[in-house]
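Each value in this text was obtained by applying a stated rule to the coordinates, not by laboratory testing. Keep in mind that what you see is a predicted model, and the values were worked out from it rather than measured. No Cβ is skipped: glycine too gets one built from the backbone with ideal geometry, and neighbour counts run over all protein chains shown.
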């Protein structure tokens with residue numbers, strides 16, 4: 001296969017990677033997205049579920065939302081507002097509470113989510129950019145002021161002038177360690193925080209007062225009423241769908257157990273906590289081996305960039321974490337590159 005060429009290769013097509021590629025593309029810089037999975041979105045992924053009528057519907061199994069109030073730059077706020085106007089994002093007004101809270105503790109919260117899914121937002125932002133999927137970059141080598149990117153079989157995937165790595169830090173370290181002159185690799189975090197997630201459906205609505213619960217439970221980190229989000233519908237005969245996210249501590253204690261086994265335990269914890277007697281339908285489950293990372297403490301910047309090598313990193317783990325952290329990090333790196 002003939003290697004692809006571009007001005008910039010962006011490794012990883014999650015939130016940071018898609019946004020970085022989008023910004024560079026708008027600035028007239030040719031980009032190539034390289035993603036090891038089948039599609040883009042990263043931890044904002046959607047799982048397709050088969051229905052009895054042979055059609056499919058999707059469920060967000062990763063990040064369910066993000067809040068505009070954590071956007072650190074006016075330009076990012078403008079970007080998010082433009083995505084809302086274009087229909088890429090929708091506003092989700094929900095009733096939120098804690099697992100150990102009472103009815104009087106329910107608050108009305110507003111956030112943004114992709115429409116009709118979190119991954120569809122990524123496709124609308126970066127779907128037009130040249131992308132190479134199901135390709136894992138294993139080695140990067142620099143020669144004659146250009147980068148050569150190789151896969152696990154040491155086949156040459158691409159040749160570019162600049163490289164931006166948006167992979168999780170463990171994978172970023174593996175790549176950066178192949179570059180002798182790069183000086184940041186030891187500062188990256190290596191501790192990943194795993195998480196189990198599952199979706200369960202009920203044939204009758206549950207009498208729960210909130211649409212989202214967080215905090216105050218040893219097993220459950222978050223529970224989201226999926227059909228309370230905009231543009232989400234329940235397939236017949238289901239009337240309600242909940243997505244359950246485990247705590248990172250509980251997931252770590254499972255020692256990489258099968259996601260279906262973990263889903264049973266998550267479902268039992270949910271039903272016991274809310275005294276749900278109705279039998280749920282387990283729709284799907286997933287194990288995020290690297291769901292979240294402890295953010296790197298950076299004194300002045302939320303990204304890494306070597307202007308001599310034209311090599312850098314951005315991602316949620318370099319900023320405040322989560323989807324908004326990934327966006328903040330990608331924007332900051334882009335502004336540095338464009339300002340050189």
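Here are the numbers:
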item: R0 of 51 Å, Cβ-Cβ distance residue 208-residue 7: FRET efficiency to nearest 0.05; result: 0.50
item: Per residue convex hull volume, Cα atoms of the stretch 213-263, in Å³; result: 98 Å³
item: Tail weight of P(r) past 12 Å, computed on alpha-carbon pairs of the stretch 36-97, percent; result: 78 percent
item: Cα-based convex hull volume of the stretch 1-66 per residue, rounded to whole Å³; result: 129 Å³
item: Solution diffusion estimate, µm²/s, Stokes-Einstein, the stretch 1-117, Kirkwood Rh from C-alpha pairs, 4 °C, viscosity 1.567 mPa s; result: 76 µm²/s
item: Convex hull volume per residue for the stretch 138-261, taking Cα atoms only, in Å³; result: 200 Å³
item: Between helix 74-86 and the chain: long-axis angle, C-alpha atoms, 0 to 90°, nearest 10; result: 60 degrees
item: Helix 15-26 vs. the chain, principal-axis angle (Cα, 0 to 90°, nearest 10); result: 50 degrees
item: Rg/Rg_ref, the stretch 102-207, where Rg_ref = 2.2 N^0.38 Å and atoms are Cα; result: 1.61
item: Estimated translational D of the chain in µm²/s (Stokes, Kirkwood radius over Cα pairs; 25 °C; 0.890 mPa s); result: 117 µm²/s
item: Fluctuation leader among 257, 326, 13 - the chain, Gaussian network, Cα springs under 10 angstrom; result: 257
item: Pairwise Cα inverse-distance average, inverted: Kirkwood Rh of the stretch 137-186 (Å); result: 11.2 Å
item: Residue among 255, 73, 98 with the largest mean-square fluctuation in a Gaussian network model of the chain, springs linking Cα atoms under 10 Å; result: 255
item: Dmax and Rg, reported as Rg then Dmax, of the stretch 226-340 (C-alpha, Å); result: 20.0, 62
item: Using alpha-carbon coordinates, inclination of helix 322-339 to the longest axis of the chain, degrees; result: 20 degrees
item: Most mobile listed residue (253, 319, 263) in the chain, GNM with C-alpha springs under 10 Å; result: 253
